[in-house]
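The next block holds one structure in the form of structure tokens; read it before the comments.
The values are calculated or read from the model by the stated rules, or taken from the named source; none is laboratory data. Here the structure is a predicted model, which is why all the values come from computation and not from measurement. All Cβ positions, even for glycine, are placed from backbone atoms using ideal geometry, and neighbour counts span all protein chains on display.
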Amino acid sequence: MPLRFQRRAFLASGAAALALGGASARASQEAPVIAAASDVQFAIEEAAQLFTAETGLRVRLSLGSTGNFARQIRAGAPFELFLAADEQFIADLHADGFTRDAGTLYAIGRLALIAPHGAVLTPDAGLDDLAARLAAGQIRRFAIANPEHAPYGMRAREALITRGLWEAVQPALVLGENVGQAAQFALSGNADGGIIASALTRVPQIAQRGTHALIPEDWHAPLRQSMALMPGAGAVAEAFYTFLQTPEGRAIMARHGFSLPEGA
């Protein structure tokens with residue numbers, strides 16, 4: 001589909017409705033808050049910029065842990081769209097009436113082992129060097145997202161259990177509030193490495209500070225990432241939700257290292 005036609009179709013179906021009764025002006029002043037898992041930070045920021053460039057409409061982004069956002073939504077947080085790092089959180093919210101519907105799968109994530117330049121740890125897909133360094137007592141600090149509420153932390157724990165390293169690594173664990181913070185900890189110079197979202201390893205300011213290796217995806221449950229509108233979502237949030245499902249929106253996710261759902 002030609003890009004010009006895609007844009008016309010999108011504007012006609014979503015943003016054009018905002019022009020009625022001056023709603024466009026009001027919406028631009030009252031930009032909806034979008035809650036997004038921190039692994040999609042750079043992709044969603046790019047998407048929001050392109051959305052604004054094409055429509056003149058703005059959204060505000062709040063980045064953090066999927067589990068924390070889910071709790072905030074249950075407590076009445078005024079988010080209008082939620083991009084979770086694990087589809088189960090959307091399913092649970094929908095079952096309890098906190099989302100408009102069951103949501104849409106927008107990306108599939110992967111885990112990566114990362115270590116800063118100069119660290120004792122050398123990342124490899126089988127975590128063999130990590131196993132050897134742990135056995136030798138050479139790993140002082142190792143970062144993952146908090147598995148109590150962050151999907152990437154949950155999957156990191158599953159991968160370490162599969163590899164037989166969970167017990168050995170626990171004394172060295174440093175827990176990030178979300179996977180973005182885990183990446184900061186892993187590359188801080190005070191840690192020997194960590195397990196983060198592979199999408200973050202594509203970000204220049206992260207990639208140039210260390211080396212990484214993809215962890216086998218069959219070592220953990222899939223990171224199927226789903227998004228859903230909240231019951232009170234307005235027209236701007238609806239338009240942004242639609243935009244993320246267009247070829248342009250999906251291309252941004254792919255460019256930032258996410259696999260796309262089947263049929264994308």
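The table that follows gives values for the structure above.
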read-out	value
Unique match (being modelled with pLDDT under 95 and either in a helix (DSSP H, G or I) or over 18 Å from the mean Cα position of the chain (by Cα) (or both)) among G257, G263	G263
Lone qualifier among R74, R133, R140 - being farther than 26 Å from E46 by Cβ and touching a Phe, Trp or Tyr at 6+ places or on another chain (Cβ under 8 Å)	R74
Pairs where the first residue, in the range 238-264, is farther than 12 Å from T104 by Cβ and buried (at least 20 other Cβ atoms within 10 Å of the Cβ) and the second is charged (D, E, K, R) and at pLDDT 95 or above, C-beta under 6 Å, 6+ apart	I252/E46
Residue identified as of a type outside the set (S, T, Y), surrounded by 24 or more Cβ atoms within 10 Å (Cβ to Cβ) and out of contact with any strand residue (DSSP E or B) (no Cβ under 6 Å at 6 or more places or on another chain) among P147, P151	P151
Yes/no for I114 being modelled with pLDDT of 95 or more, crowded, with 16+ Cβ neighbours inside 10 Å and among the β-branched types (V, I, T)	yes
Test: residue in the range 137-151 that is over 22 Å from I206 (Cβ atoms), part of a loop (DSSP other than H, G, I, E, B), more than 24 Å from the chain's Cα centre (by Cα) and in contact (Cβ under 8 Å) with a residue 24 or more places away in the chain	yes
Boolean, I206 is modelled with pLDDT of 95 or more, under 20 Å from G176 (Cβ atoms), within 18 Å of the chain's Cα centre (by Cα) and surrounded by 19 or more Cβ atoms within 10 Å (Cβ to Cβ)	no
Among the candidates G257, G249, G232, residue that is within 29 Å of R60 (Cβ to Cβ) and in contact with a Phe, Trp or Tyr (Cβ under 9 Å, 6 or more places away or on another chain)	G249
Residue count, the range 160-177 (criterion: farther than 21 Å from T122 by Cβ and not in a helix (DSSP H, G or I))	3
Answer residue from the range 178-200, given it is assigned to a helix (DSSP H, G or I) and among the hydrophobic types (A, V, I, L, M, F, W, C) and is surrounded by the most Cβ atoms within 10 Å (Cβ to Cβ) among those	V179
Residue match in the range 216-233 (condition: out of contact with any Asp or Glu (no Cβ under 8 Å at 6 or more places or on another chain), in a strand (DSSP E or B), in the same structural domain as A70 (by TED's automatic domain parsing) and buried (at least 24 other Cβ atoms within 10 Å of the Cβ))	yes
